[in-house]
Each structure stands twice: as structure tokens, then as C-alpha cells.
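Undergrad: Below is the structure I would like to discuss, written out as C-alpha cells.
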Amino acid sequence: DAAKGMVQWAKENAQLSGLENHPIRYITDDVFKFVQREQRRGREYDAIIMDPPSYGRGPNGEMWKLEENLYPFLESCRAILSPNPLFVLVNSYTTGLSPSVLHNLLHMTIGQKYEGTIRCGEIGLPITASGLTLPCGILGRWESQ
């Protein structure tokens with residue numbers, strides 16, 4: 001995460017979960033730039049889990065809009081996947097994208113290079129009084145066959 005506070009929170013959560021002695025690498029960085037550096041270094045990953053923001057600004061005024069940047073970001077992530085990746089998970093608390101759009105983006109990026117299954121859905125909070133669900137975002141998963 002680019003926010004130091006979020007990385008500190010992740011460290012605290014790891015400690016509360018009894019994982020403080022496990023090999024966890026914490027990185028405070030712009031994830032898009034990090035992925036591009038990993039590509040130049042020739043590093044590969046078997047799995048990617050992402051929770052991109054809906055909107056954000058970098059320290060130099062860079063702007064992130066999920067609707068505009070998710071496709072190129074998924075393309076960058078595809079470039080660092082190993083020859084036999086296990087999965088790519090996308091979770092976003094953004095109501096501006098539908099599960100169908102996320103499915104299409106995963107198909108046009110990860111699915112163009114790798115055989116696998118794509119499943120997408122909606123994240124929601126149940127409303128007890130009415131039995132309805134309040135939409136809160138989307139989730140998607142590409143997994144190898």
C-alpha cells in the first residue's frame with residue numbers, strides 16, 4: 001500500500017493473528033510502479049491478491065480511477081505471473097463497476113494468456129430488517145484449471 005498507516009495496520013493485524021514470525025514482506029509503495037519494477041527485474045508470482053482503491057492521488061499528483069486504471073493494471077499484473085499461476089483475486093469496494101465488467105476485464109487480460117475459470121460477484125451487506133442486501137462492491141477470481 002502507498003499509505004504508511006495501512007501498512008502499519010497490516011503489521012498489527014498480523015501480530016494479532018499470531019503471524020508476526022512468518023515471512024511477510026510489507027511494502028509502502030505505489031503498487032503500479034512496484035509491479036512495473038518487478039517486471040523489469042524478471043520476478044514472477046504464482047498468485048496475486050489485490051484490493052485496488054476506487055480513487056486516489058499519488059504524492060506527485062498522479063490520479064488513480066478504478067474505472068480507467070484497472071485494465072492497464074491487470075495487464076501489468078499478467079506480465080509478472082509465473083508460467084503456471086494459481087489465481088488472481090480482485091476485491092474492490094466500488095459500486096461503479098459491475099461484476100460483468102470485472103469478468104470481462106479478467107477475461108481480456110489474465111484469460112488471454114492462461115487457461116482457467118473466472119468467477120465474479122457482488123459484495124454486499126445484509127439488511128436484517130428488510131432482508132435486502134446493500135451493494136458495496138465487486139469481487140472477481142481467475143483460477144487455473
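The values are calculated or read from the model by the stated rules, or taken from the named source; none is laboratory data. Given the structure is predicted, the values throughout are model-derived calculations rather than measurements. A quick note on method: Cβ atoms are made from the backbone with ideal geometry, for glycine too, and the neighbour counts reach across all protein chains shown. Accessible surface areas use protein heavy atoms only, side chains included; no ligands, DNA or RNA. Shrake-Rupley method; radii C 1.70, N 1.55, O 1.52, S 1.80 Å.
Undergrad: Out of the DSSP beta bridges found with both residues in region 1-116, what percent are antiparallel (nearest 5)?
TA: Antiparallel bridges make up about 40 percent of those DSSP assigns within region 1-116.
Undergrad: If you don't mind, there's one more thing I want to ask. Roughly how many Å² is the accessible area per residue of region 11-145, as a whole number, for a 1.4 Å probe?
TA: 64 Å²
Undergrad: To the nearest 0.05, how large is the calculated FRET efficiency for Ala47 and Leu132 if R₀ is 35 Å and r is the Cβ-Cβ distance?
TA: Efficiency, rounded to the nearest 0.05: 0.55.
Undergrad: Let me ask something additional. Report the extension gain between Val101 and Gln15 in nm, rounded to one decimal, defined as 0.36 nm multiplied by the number of residues separating them, less their alpha carbon distance.
TA: So the chain would gain 27.3 nm between Val101 and Gln15.
Undergrad: I would also like to ask the following. To the nearest 10 Å², what's Met63's accessible area with a 1.4 Å probe?
TA: Rounded to the nearest 10, the figure is 90 Å².
Undergrad: Using only the Cα atoms of the chain, build the gyration tensor, take square roots of its eigenvalues as a ≥ b ≥ c, and label the shape rounded, prolate or oblate: rounded if a/c is under 1.5, else prolate if a/b is larger than b/c, else oblate.
TA: rounded
Undergrad: For region 42-145, what % of the accessible area comes from carbon and sulfur atoms, probe 1.4 Å?
TA: Carbon and sulfur: 53 percent of the exposed surface of region 42-145.
Undergrad: Can you tell me the dipole magnitude for the chain around its Cα centre, using point charges on the Cβ only (Lys, Arg +1; Asp, Glu -1), in Debye to the nearest 20?
TA: 260 debye
Undergrad: Apply 1/(1 + (r/R0)^6) to the Cβ-Cβ distance of Asn60 and Gln8, taking R0 = 35 Å, and write down the FRET efficiency to the nearest 0.05.
TA: 0.95
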